[in-house]
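Chemist: The structure follows.
The values are calculated or read from the model by the stated rules, or taken from the named source; none is laboratory data. On a predicted model such as this, the values are computed, not experimentally measured, just so you know. Don't worry about glycine lacking a Cβ; one is built from the backbone with ideal geometry, like all the others, and counts go over all protein chains shown.
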Amino acid sequence: MSYLTSKENLPSHSLVNIDTFKYLILVAFVTSQNREARELLMQAERGLKLSKRKDWYKVLGISKTASAADIKRAYKKLALQWHPDKNVENKEEAEEKFREVAEAYEVHYIS
């Protein structure tokens, strides 16, 4: 008999019987497994959240080391390109792109 299941290894005053003791060990094992699974799930959720973030540098078409002047220049160019008044044929897409470019500019240049 193993140490954990041996009745001799339990204190004589113990109110826990062997089956309950085995159950508690099993619960502890499953809980540790669940903790690891929870941690993996949290990591996956963080990764998904990061992947859904917009890369504002990419939106503006600039490098991450761009200067304030480069950011402003890229914004002006894209704002003119995607202005809804200049894109009458696909106004909805232009409005969406224009808002996205403005938000990217606000995030990088103003902050």
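Chemist: Quick one: would you say L78 is at pLDDT 80 or above and assigned to a helix (DSSP H, G or I)?
Modeler: yes
Yes/no per residue for (1) within 24 Å of the chain's Cα centre (by Cα); (2) among the charged types (D, E, K, R):
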site	(1), (2)
L40	yes, no
E45	yes, yes
K52	yes, yes
D55	yes, yes
Y75	no, no
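Chemist: What number goes with the only condition from (1) part of a helix (DSSP H, G or I); (2) surrounded by 11 or more Cβ atoms within 10 Å (Cβ to Cβ); (3) modelled with pLDDT under 80 that T5 does not pass?
Modeler: (1)
Chemist: Filter region 62-75 down to residues that are assigned to a helix (DSSP H, G or I) and free of Cβ contacts under 8 Å to residues at least 40 places away in the same chain, then give me how many there are.
Modeler: Residues meeting the conditions: 7.
Chemist: Here's something else I'd like to know. For region 59-69, which residues satisfy the criterion of being surrounded by 10 or more Cβ atoms within 10 Å (Cβ to Cβ) and either closer than 16 Å to E106 by Cβ or not assigned by TED's automatic domain parsing to the domain that holds E95 (or both)?
Modeler: V59, L60, I62, A66
Chemist: State which residue pairs qualify: first residue closer than 29 Å to V101 by Cβ and inside region 40-61, second residue exposed (fewer than 10 other Cβ atoms within 10 Å of the Cβ) and of a type in the set (D, E, K, R) in any location, beta carbons under 6 Å apart, and separation of 6 or more residues or different chains.
Modeler: Final answer for the pair search is Y57/K64.
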